[in-house]
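Read through the structure below, which is laid out as structure tokens, and then see the notes.
The values are calculated or read from the model by the stated rules, or taken from the named source; none is laboratory data. Computed from a prediction, not measured in an experiment: that's the story for all the values here. Here the Cβ positions follow ideal geometry from the backbone for every residue, glycine too, while neighbour counts run over all protein chains shown. The protein model used for the area step is the full one, side chains on, heavy atoms only, and it has no ligands, DNA or RNA in it. Shrake-Rupley method; radii C 1.70, N 1.55, O 1.52, S 1.80 Å.
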Amino acid sequence: MPAEMKAQRRFVRFTRTKRPITIDGHSASSTNADTWSTHAAAAASTKGEGIGYVLGAGVGCIDLDHCIVDGTVADWAHAVVADNPGTYIEVSRSGEGLHIFGRLDEGPGRNYRDGDRAIEVYSTGRYIALTGNRHGTAPLRLAALRVPTL
């Protein structure tokens, strides 16, 4: 994970059903900073299933759902990845999606589904379950995101 994400106090834990919780196991909120913690504290906690990152403070995510089939990235998703070089990308928990993290101004979320394409873009008010499973040789840094035309 990029150092610039780790340095922020924007981490939660999450349950099996992907509900955000605090490091103590209480309900957390993607809009209440009092329920977030540091990366070190979230990593040390044993509550829930894993660590999540709350988007905002200039960090956003392009979420590509169901774009990996039999280990191959779909052409439509590959085009989005190619448009966002030099930024951190993880394979999602399901192993079928990609999370492209990068710098993005805060704004309303967008959700686009068209045939095979399933693209969500968020920059605030959401958290993303992290895997630490980097896609390819994605660097451990954040670059400006180029959001696909939805």
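Of the residues making up segment 116-150, not one is among the aromatic types (Phe, Trp, Tyr) and open to solvent by 60 Å² or more (accessible area, probe 1.4 Å). Look at segment 64-75: where a residue is more than 18 Å from Gly109 (Cβ to Cβ) and a partner is among the basic types (Lys, Arg) and outside any loop (DSSP other than H, G, I, E, B), sitting 6+ places away or on another chain with Cβ atoms under 9 Å, you get Cys67/Arg117; Ala74/Arg117.
Restricting attention to segment 116-140, the residues that are under 16 Å from Gly56 (Cα atoms) and either part of a loop (DSSP other than H, G, I, E, B) or among the aliphatic types (A, V, I, L, M) (or both) add up to 8. Selection of first residues in segment 112-138 that are more than 13 Å from Ile100 (Cα to Cα) and of second residues that are surrounded by fewer than 17 Cβ atoms within 10 Å (Cβ to Cβ) and polar (S, T, N, Q), restricted to Cβ pairs under 7 Å at least 6 apart or on distinct chains, gives the following pairs, ordered by first then second residue: Gly125/Thr31.
Being more than 22 Å from Gly50 (Cβ to Cβ) and touching a residue at least 24 places away in the same chain (Cβ under 8 Å) is the requirement here; does Pro108 meet it? The answer is no for Pro108. For Gly25, indicate whether it is of a type outside the set (D, E, K, R) and touching a residue at least 40 places away in the same chain (Cβ under 8 Å). Against the criterion (of a type outside the set (D, E, K, R) and touching a residue at least 40 places away in the same chain (Cβ under 8 Å)), Gly25 does not qualify.
Of the strands (runs of 3 or more DSSP E) lying entirely inside segment 1-115, the ones with 1 or more residues being under 16 Å from the mean Cα position of the chain (by Cα) and surrounded by 19 or more Cβ atoms within 10 Å (Cβ to Cβ) are found at 11-14, 50-54, 59-64, 89-91, 98-103. For Ser92, the conditions (1) farther than 24 Å from Arg113 by Cα; (2) touching a Leu at 6+ places or on another chain (Cβ under 7 Å) all hold with the exception of (1).
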